[in-house]
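This report concerns only the one structure given below.
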Amino acid sequence: MFLEKCGKLFFLQMRPLFFFALAALPFLGASLFLFQESSKMQDLEERFASAAKKERLAMDRRDRKERFIHRYSQSNPYFLDQNIESFRPLQAEKRNLESLLHHPAFPDATAISDRLHFIEENALMFQEEKIETSKEMKETQEHMRHPVQMDESDLKQILALIEDVPIENNSPAAYAPQLLITDFHLKKLETPLHTEVFEVRMDLIKREFTKP
């Protein structure tokens with residue numbers, strides 16, 4: 001009874017604003033607790049999403065690496081000889097000159113013959129300068145022995161072969177090693193017969209990967 005009277009006296013003398021503030025404390029506490037739990041849950045969800053994204057990126061990198069190794073571990077060791085050095089630039093000019101060689105409107109057959117002889121000798125030739133090997137790959141530095149003249153179409157085709165990309169609806173060459181251009185010089189020239197060509201010189205790195 002004594003405690004009941006004290007309680008009634010206490011609440012009767014309490015200001016209404018303090019009373020309602022006191023009554024709201026449990027709700028505020030519950031709200032704060034729920035907010036904290038919600039923040040924790042949101043933080044966990046963000047951490048989980050970040051971890052899942054990192055895992056996907058790691059798997060994508062691993063898959064790309066495996067495809068890359070598989071692609072270049074089957075390369076032809078004679079690709080440079082068979083596909084790059086065998087490429088003959090200026091064949092369109094050669095056909096035009098051959099059609100003009102005996103044409104009466106072009107009496108300077110000597111200049112045409114000289115140009116045709118140059119085109120026959122105009123070929124890409126590389127020399128191995130340094131070879132490094134490891135457990136995963138063999139890397140060879142290839143130095144072009146002399147500059148080569150090309151027209152625009154030749155340049156596109158040779159760069160497509162080196163960079164392993166399709167051109168003009170043709171697929172990349174099969175079994176190409178990884179070829180990287182380390183030095184490249186391009187200069188426009190006018191031939192003795194007043195046609196425009198490009199003089200090209202480049203150095204390459206050839207990488208052949210070991211089969212996994």
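Values quoted throughout were computed directly from the atomic coordinates according to the rules given, and no laboratory measurement underlies them. All figures in this text were calculated on a predicted structure; none of them were measured in a lab. Cβ placement follows ideal geometry from the backbone for every residue including glycine, while neighbour counts extend to all protein chains displayed.
Please state the relative contact order of the stretch 73-176 as a whole percent: Cα pairs under 8 Å, 6+ residues apart?
Values: 99 pairs, mean separation 31.3, N = 104.
So the answer I get is 30 percent.
Could you calculate the FRET efficiency of GLU136 with ASP114 from 1/(1 + (r/R0)^6), where r is the beta carbon distance between them and R0 is 45 Å, rounded to 0.05? Don't jump to the answer; show the numbers that get you there.
Working: r = 49 Å, r/R0 = 1.09.
It comes out at approximately 0.35.
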Query - Reachable aspartates and glutamates from LYS40, criterion Cα separation under 12 angstrom, eight or more residues apart if same chain - result: none
**Report entry** Potential extension, GLU46-ASP183 segment - 0.36 nm per residue separation minus Cα distance
**Finding:** 44.7 nm
**Report entry** Per DSSP, loop GluC sites (Glu not before Pro) in the stretch 95-200 with at most 15 further Cβ within 10 Å
**Finding:** GLU136, GLU168
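Output the pairs from LYS130/LYS206; LYS156/LYS187; LYS94/LYS206; LYS53/LYS135 with a Cα-Cα distance over 20 Å in this structure; if there are none, say none.
Working: LYS130/LYS206 11 Å; LYS156/LYS187 15 Å; LYS94/LYS206 31 Å; LYS53/LYS135 32 Å.
With Cα atoms farther than 20 Å apart: LYS94/LYS206; LYS53/LYS135.
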